[in-house]
Amino acid sequence: MNTNTNAELPLSQASASARQSVSRKKLWSAIKIHRFYYYLIIPGMLYFLIFDYIPMFGVIIAFKDISPFEGVEAILTGQWVGFKHFIRFWNSYYFWNVMRNTLLISSYKLFFGFPASIILALMLNELRHAVFKRVVQTISYLPHFISTVVAAGLVMMILSTDKGLVNAIVVAFGGEPVHFLGDPDYFRTILVASHVWQTIGWGSILYLAAMSGIDPGLYEAARMDGASRFRQMWHITLPGITHVIVIMLIFSIGGLLNAGFEKVLLLYSPAVYEVADIIDTYVYREGLISLDYSFATAVGLFKNLLAMILILGANYIAKKMNQTGIW
């Protein structure tokens, strides 16, 4: 028995090696045939390599004491301080405030913004008047193409206490002008509402595309059984796009710690720091204004690690519930 096994082992290895060789030849042959398509992805790969992966080397300054005046070589020669900056952040007066604000603002955006795109897509899918449908789609998509700076400018102009549209209406009804962006009670609502306005149309595109792939025969069968439009939407359309909803939800949960740095930075002021100061604005002040690069990098790394845990956890739960995950 041992002799036969030993005799067959080289043949088995040779067969596996031959299969691997054939697979490699097929792979290189396919790459050669479609080489022009691969050339197209080179600029994108270089972009991510240069601007995303190579800069990751600088993360080590989170574990060192680095001054911006020491030069680039200080990244390698700086003194290691371990988790000093992480502990400093955890013990900071701002820690719970920025964490609470980041999670609350992101949760509000997820709670109101995520289903808004799905609802809009369902409503557009039910429209039968083609011209009206295209007009609504175009109007809802347009805010996505407005830059954050312009969008923030529009918000400030509309809510301005000096000739702002909203305050003009308030005054017309006998009220007093309200400084909405300087009032902690209104700031988060304004931020979330502007986010929904900018993203609802663009976010619906993916769901509309998924709906177009649903078999029309299912709707015909449902109509023959007497199902109403609402029942068709509930039992056919929604289940048909569940896999897309789950994947987008996982990505949204992974981005919970991204509360919208640019818009918050443009709209907030010291008067609303209590409800508006998030991790990213805190990193901006500590890193670029106070020039405490090591501490700011530590805070940013802490945020990214939490984001990784969130997206891994969301994907794990989705797989456990027999839903489509992102991997």
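Annotations
- A straight chain from A271 to R285 at 0.36 nm per residue would run longer than the Cα-Cα distance by 3.5 nm.
- Amide H to amide H, with H built 1.01 Å from N, K64 comes under 5 Å of V81, counting only residues 5 or more places away or on other chains.
- Each residue in M123, M56, M248 was given a count of other beta-carbon atoms within 10 angstrom of its own, and listing them fewest first yields M56, M123, M248.
- H235 paired with L165, simple spin-label distance in nm, labels 7 Å along Cα-to-beta-carbon: 4.3 nm
- Stretched out straight at 0.36 nm per residue, the stretch from M157 to R100 would grow longer than its current Cα-Cα span by 17.7 nm.
- Anisotropy class of region 84-320 from Cα gyration tensor, a/c 1.5 cut: oblate
- Of W327, W197, W234, the sequence from fewest to most neighbouring Cβ atoms within 10 angstrom is W327, W234, W197.
- Among the DSSP helices (H) of the chain, those spanning at least 27 angstrom by Cα along their long axis with an average Kyte-Doolittle hydropathy of 0.5 or more are 95-126, 184-212, 293-320; this is a geometric and hydropathy rule only.
- Between L142 and F36, residue separation times 0.36 nm minus the direct Cα-Cα distance comes to 34.8 nm.
- Fewest-first ranking of Y268, Y94, using other Cβ atoms within 10 Å as the exposure measure: Y94, Y268
- Paramagnetic reach from W90 in region 284-317 [backbone N under 13 Å; point 7 Å along Cα→Cβ]: 302
- Here the spin labels are modelled as points 7 Å beyond Cα on the Cα-Cβ line, and at F251 and L127 they lie 2.3 nm apart.
- HN-Hα J in Hz across region 278-292 - Karplus 6.51, -1.76, 1.60, θ = phi - 60°, x for Gly and Pro: 10, 4, 5, 5, 5, 4, 4, 5, 6, x, 8, 9, 7, 6, 9
- Distance from the Cα centroid of region 98-156 to that of region 16-86 is 34 Å (rounded to whole angstrom).
Just so you know, all these numbers are worked out from the coordinates, no wet-lab data involved. On a predicted model such as this, the values are computed, not experimentally measured, just so you know. FYI the Cβ positions are ideal-geometry reconstructions off the backbone, even for glycines, and counts take in every protein chain you see.
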